[in-house]
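The values are calculated or read from the model by the stated rules, or taken from the named source; none is laboratory data. Worth saying up front: this structure is predicted, and the values here are computed from it rather than measured. When we count neighbours, we look across all protein chains shown, and the Cβ atoms used for this are built from the backbone with ideal geometry, even at glycine. For accessibility, only protein heavy atoms count, side chains too; no ligands or nucleic acids. Shrake-Rupley method; radii C 1.70, N 1.55, O 1.52, S 1.80 Å.
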Amino acid sequence: MPFGWKNHFWCPLVIALLLPVTPSVYAQNEGDADLEEAFNLKINATTTRDLDKVASLCESAIEKGLDEEGVVEANQLWASAWYEYADQMSKQIFVPGQQDRRWRVYRREALTRLKKVVELSPDTSDAYLLIARLNGLPGGDKAAANAAIEKAIEKITDDDAKLSKALFIRASLSDDSDSRLADLNQA
């Protein structure tokens, strides 16, 4: 066989080019459509239902497969959507003089999502602040509130107004009058 495939050095290259792309390469980007839909929905999200849908699409995109950058973007969008959800719930809880009678349900829903927010984005001091405030309410988990406020104070490095708010929250959670006074003075 003077002119066969086996006699040419470029045969392996041609064969490699003719073979289909392996499924793992396709799987890596199958979640792109869901991630794009999640971004589009987040831009126009107005309700907590919309924000839950954004989070669901991000989770679906990750499960279907994304490249490394896509996973980072999906996690950030997911955390952002669920933080916004929790923030909307907390606004219904912390309305002065108009507390909704379903506030305990709102708190539970908000805390469920905030736990995922700090899992996805552990440097989000605002999430820790909100966890502390929600757990500081009657019937809340005081230990979780104290742990969250300490984490928030640790994460806040360059925002004096936010640090002041965190110190005020920590003072409100404290049973010790000396530490409460010290936090209020520092705030």
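Sort out which residues of the stretch 89-99 are over 22 Å from the mean Cα position of the chain (by Cα) and under 15 Å from G139 (Cβ atoms), and write them in order of number.
Q99
When both residues are 6+ apart or on different chains and their Cβ atoms are under 8 Å apart, which pairs have a first residue that lies in the stretch 165-176 and is within 14 Å of K155 (Cβ to Cβ), and a second that is of a type outside the set (A, V, I, L, M)?
A166/S125; L167/D183; L167/Q186; I169/R133; I169/G136; R170/N146; R170/E150; R170/D183
Return the total of residues in the stretch 150-178 being open to solvent by 40 Å² or more (accessible area, probe 1.4 Å) and not acidic (D, E).
Qualifying residue count, the stretch 150-178: 11.
Looking only at the stretch 98-155, which residues are closer than 26 Å to V72 by Cβ, touching a residue at least 24 places away in the same chain (Cβ under 8 Å) and outside any helix (DSSP H, G or I)?
Scanning the stretch 98-155 gives S121, D123, T124.
Have a look at A147, A187 and point out the one that is modelled with pLDDT of 95 or more and open to solvent by less than 80 Å² (accessible area, probe 1.4 Å).
A147
I'd like the full set of residues that are over 28 Å from L134 (Cβ atoms) and buried (at least 23 other Cβ atoms within 10 Å of the Cβ), limited to the stretch 58-92.
Hits for the stretch 58-92 are A61, L66.
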